[in-house]
Amino acid sequence: MSSIAAVGESYQKFNPHAYLQNNYMPPRADFTSEDCVVPWKLRCLAEAFATGEIHGHTLIDIGSGPTIYQLLSACDHFEEIIATDYLEVNREVLRQWVQDKMDVFDWSPYIKHVCKIEGRGEQWKEKEQKLREKLRQILPIDVHQPNPVGSPLHQLADAMVSTFCLEAVSPDRLSFERALKNVTSLLKPGGHFLLIGALEESFYLAGEAKLSVVPVSEADVKEALTKSGYKIHDFRSYIMPPRLKIGVDDVSGVFFVHAQKQPVV
């Protein structure tokens, strides 16, 4: 049985560029097919924000990794976006993207696709600049701590996003549930949480790093959210087709959840 400390140690070998290559380039990022996993994720997020229910001053992204795609539909609905990650190498990749450094991963196909599915006629460069301006803080986080970002935030978040974080840094189901409870403390009562993660995955590769993942089912995720005081508004699952099982993980599928933190009665 792995421990939280062992999980943290294993992540010291995490290679953000290998991770991006494995998961955010073709074949998994095929924008010609809505059946592909990346367009599916982008549509789930776009449709959630299109409801008009999720908005406010501050949105926090829990465990951003080296990616920004999960924030593209969010940036129209919040004044401030806070990205977070455990690893300095990932925070540095995000800082470089905000600063428009040339050697960072090219997110333009993602931005163009989101503009297309949102259908508002927004130019992709405008959305890119908007996100850069609103991504004002990139903070360290440890989801296994009761106060995950260390010093208290100046105000609780109106909404949270998290993609492929909690199950990927938890050695067991109990740790996963505790991590969810910990990050929930950053969200206002009534605030919305958009959560994307892996179904029934036990490992993934990121360069030399082979990272353990706690396998979770749809029922596990729903139970953990209910225990942490959420009402689930939408739950969707994507089954990973054989053509996208490319040896970089053993994921069975992906889940998307739109949940809302219920006020304490």
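The values are calculated or read from the model by the stated rules, or taken from the named source; none is laboratory data. Note that the coordinates shown come from a computational prediction; the quantities given were computed from them, not determined experimentally. Backbone-built Cβ (ideal geometry, glycine too); neighbour counts: all protein chains shown. Accessible surface is based on the protein model in full, side chains and every heavy atom, while ligands, DNA and RNA are left aside. Shrake-Rupley method; radii C 1.70, N 1.55, O 1.52, S 1.80 Å.
Within the stretch 124-136, being modelled with pLDDT of 95 or more and either closer than 27 Å to SER33 by Cα or open to solvent by 40 Å² or more (accessible area, probe 1.4 Å) (or both) holds for TRP124, LYS125, GLU126, LYS127, GLU128, GLN129, LYS130, LEU131, GLU133. What tally of residues in the stretch 52-79 results from selecting those that are touching a residue at least 24 places away in the same chain (Cβ under 8 Å) and part of a loop (DSSP other than H, G, I, E, B)? The qualifying residues number 12.
Here PHE31 does not qualify as farther than 30 Å from ALA5 by Cβ, more than 14 Å from the chain's Cα centre (by Cα) and buried (at least 17 other Cβ atoms within 10 Å of the Cβ).
For VAL114, the test of being buried (at least 16 other Cβ atoms within 10 Å of the Cβ) and within 17 Å of the chain's Cα centre (by Cα) is passed. In the stretch 223-265, the residue that is least open to solvent (accessible area, probe 1.4 Å) out of those that are of a type in the set (Lys, Arg) and part of a helix (DSSP H, G or I) is LYS227.
Total residues in the stretch 80-111 satisfying the condition of being open to solvent by 40 Å² or more (accessible area, probe 1.4 Å), polar (S, T, N, Q) and assigned to a helix (DSSP H, G or I): the figure is 1. List every residue pair whose Cβ atoms lie under 8 Å apart, where the two residues are 6 or more positions apart in sequence or sit on different chains, the first residue falls within the stretch 162-183 and is more than 23 Å from GLN260 (Cβ to Cβ) and free of Cβ contacts under 8 Å to residues at least 12 places away in the same chain, and the second residue, located anywhere, is assigned to a loop (DSSP other than H, G, I, E, B) and among the β-branched types (Val, Ile, Thr). If the second residue must be assigned to a loop (DSSP other than H, G, I, E, B) and among the β-branched types (Val, Ile, Thr), no pairs are left. The criterion of at least 3 residues that are open to solvent by 10 Å² or more (accessible area, probe 1.4 Å) and not hydrophobic (A, V, I, L, M, F, W, C) is met by the following strands (runs of 3 or more DSSP E) wholly inside the stretch 137-206: 187-199.
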